[in-house]
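K.L.:
Below are the structure tokens for one structure; questions will follow.
The values are calculated or read from the model by the stated rules, or taken from the named source; none is laboratory data. If you're wondering where the values come from, they're calculated on a predicted model, not measured in any experiment. Backbone-built Cβ (ideal geometry, glycine too); neighbour counts: all protein chains shown. Ligands, DNA and RNA are excluded from the accessible area calculation, which covers all protein heavy atoms including side chains. Shrake-Rupley method; radii C 1.70, N 1.55, O 1.52, S 1.80 Å.
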Amino acid sequence: MEERLQKVIAQSGYTSRRKAEELIQQGKVTVNGEVVTVLGTKVTKKDTICVNGKIINKEDKVYYLFYKPEKCVCTMSDEHDRTCVADYFSDSNERVYPVGRLDYDTTGALFMTNDGEFANLIMHPSSHLEKVYEVSVKGLLTKAEKNQLERGIYLEGVKTLPCEIAITGNDEEHGTTMLMIRLVEGKNRQIKKMFEEVGHPVKRLRRIMIGPIDLKGLTPGTYRRLKPKEVNVLRTMALKKKNANKK
């Protein structure tokens, strides 16, 4: 099966596709010993590809569901020496990356993969999958505030899409509301900003589901490999949403 050269380089984990294109144009990539500078050149698994004189390994595509714990950043390294998601995959033969992100103090479901095409599809604004979160907020959320959030509120001049909220408990003694929220957007710190806007700062936040995939069987800091059927379902759902939004 033939694939574009820049795509194969990106999937190897060497660099991003955009950077791979730059390296090709700069004459730093060879295929079977010959310098290639034409973008879109097709290669197969039989071809030997070198970048800056180094042979790249054509990794098998892998997909994981990771239960991100607290005090962990969604990066491959950290200048402040904080724990990174990469630290939990040190025993993996493939170099995997997070699909999207969760805040340092937010826990829960996070996909990890070395398939850049899959990651871009899942993260694309037009194909965002539904996500479900467990949230604890300060104060007792009123019905009016709940309805306001579900209809959508303005954050930095842009109205959030409608969402679903179910209040699961009220702790009047400690002034806390526990709830579940289902939404299709994934803007930076969106849930925290939404509840801050109505005067209820988030105390705890955990993502328990992405599309049909939940955390069942996992504990913080552990992961499992997604089944081929699960990957296909996620890809199909994301493509369906993306195509629907084009109309």
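K.L.:
So what's the back-of-envelope 222 nm ellipticity for the chain, counting only DSSP H runs of four-plus at -39500 (n - 2.57) apiece and dividing by all residues, rounded to 500?
P.N.:
Estimated from H runs of four or more residues: -7000 deg cm²/dmol.
K.L.:
In percent, what relative contact order does the chain have, based on Cα pairs under 8 Å that are 6 or more apart in sequence?
P.N.:
Over the chain, the number comes to 19 percent.
K.L.:
Taking the highest mean first, how do the peptides 3-10, 201-208 order by number of other beta carbon atoms within 10 angstrom per residue?
P.N.:
So the order, starting with the most tightly packed, is 3-10, 201-208.
K.L.:
Kindly report the accessible area of region 31-133 per residue (heavy atoms of protein chains, probe 1.4 Å, no ligands, DNA or RNA), in Å².
P.N.:
The answer is 52 Å² per residue.
K.L.:
Can you tell me the length gained on complete extension of the stretch K61 to M1, counting 0.36 nm per residue apart and subtracting the Cα distance?
P.N.:
20.1 nm
K.L.:
Computing the accessible area with a 1.4 Å probe over protein heavy atoms, can you report the carbon and sulfur percentage for the chain?
P.N.:
48 percent
K.L.:
Per-residue counts of other Cβ atoms within 10 Å, averaged by peptide: what ranking do you get for 128-137, 170-179, 69-78, 150-159, highest first?
P.N.:
Answer by packing, highest mean first, reads 128-137, 69-78, 170-179, 150-159.
K.L.:
Here's something else I'd like to know. Is region 115-247 rounded, prolate or oblate when judged by the Cα gyration tensor, a ≥ b ≥ c being the square roots of its eigenvalues, rounded requiring a/c under 1.5 and prolate requiring a/b larger than b/c?
P.N.:
oblate
K.L.:
So what's the Cα pair-distance distribution over the chain, bin width 5 Å, in %?
P.N.:
1, 6, 12, 14, 15, 14, 12, 10, 6, 4, 3, 2, 1, 0, 0
K.L.:
Return the long-range amide H neighbours of D115 (sequence gap of 5 or more, or a different chain), with a cut-off of under 5 Å between placed amide H atoms.
P.N.:
Hits under the 5 Å cutoff: V62.
K.L.:
Pairs K68/K240; K131/K241; K7/K45; K7/K28: which exceed 18 Å Cα-Cα?
P.N.:
Cα-Cα > 18 Å for K68/K240; rest within.
K.L.:
Could you go through region 139-153 in sequence order and give the Karplus-derived ³J(HN,Hα) for each residue, using 6.51 cos²θ - 1.76 cosθ + 1.60 with θ = phi - 60°, rounded to whole Hz, and x for Gly and Pro?
P.N.:
Taking θ as phi minus 60°, the curve returns x, 9, 5, 8, 4, 5, 5, 4, 4, 4, 5, 5, 6, x, 10 Hz for region 139-153.
K.L.:
How far, in nm, would the chain grow between K187 and V35 when pulled straight, counting 0.36 nm per residue and subtracting the alpha carbon separation?
P.N.:
50.6 nm
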